[in-house]
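Here is the structure we will look at.
Values quoted throughout were computed directly from the atomic coordinates according to the rules given, and no laboratory measurement underlies them. If you're wondering where the values come from, they're calculated on a predicted model, not measured in any experiment. Cβ: placed from backbone, ideal geometry, glycine included. Neighbour counts: every protein chain shown.
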Amino acid sequence: MAAKKVSSKPAPVFSVAEVRHIAKLANLTLTPSEETKFSSQFSETLKMINLMRELDTSEVTPTSQVTGLTNITREDVIDHSRLLSVSKVLGQAAKTYQNYIVVPAVFAL
């Protein structure tokens, strides 16, 4: 497959200030050496993306899955021998409220 020239615009370069901004948004603490390293790595990644944009994919068939596997499903069947009654379940809960099981909060506000 031949590459077509789209444009030879240079890839944007990520500055250390931009890396700091992204790290702040992601709530990450980076050392100065990590900021420099990531600046270089982000810039290289964008260069590769720009290089791939130049590929002529007009004759490539779009794919979303390449293994040929399909979803294997089964019909939902209720196994009545494994069901518990509401009273049995609630009877084993430490705390209940209007037929609900009450548990300690997971997230602190």
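The gain in end-to-end length when the residue 37 to residue 53 segment is fully stretched comes to 3.3 nm, 0.36 nm per residue minus the alpha carbon separation.
Treating cross-link reach as a plain straight distance, find the aspartates and glutamates whose alpha-carbon is under 14 Å from the alpha-carbon of residue 95, omitting any fewer than eight places away in the same chain. Residue 95 reaches no qualifying aspartates and glutamates.
Packing here is the average count of other Cβ atoms within 10 Å per residue, and on that basis the peptides 92-103, 60-71, 36-47, highest first, run 36-47, 92-103, 60-71. Which entry in (i) 56, 34, 9; (ii) 52, 31, 9; (iii) 25, 20, 11 matches semi-axes √(5λ) of the Cα gyration tensor in Å derived from the coordinates of this structure? Read-out taken from this structure: (ii).
To test your reading of the geometry: what angle, between 0 and 90 degrees and rounded to tens, separates the Cα axis of helix 32-53 from the longest principal axis of the chain? Helix 32-53 and the main axis of the chain meet at about 80 degrees. In the chain, a dipole from Cβ-located charges (positive for Lys and Arg, negative for Asp and Glu) runs towards its positive end, and of 65, 33, 106 it is 106 whose Cα lies farthest in that direction.
Relative to the longest principal axis of the Cα atoms of the chain, helix 16-25 runs at roughly 10 degrees.
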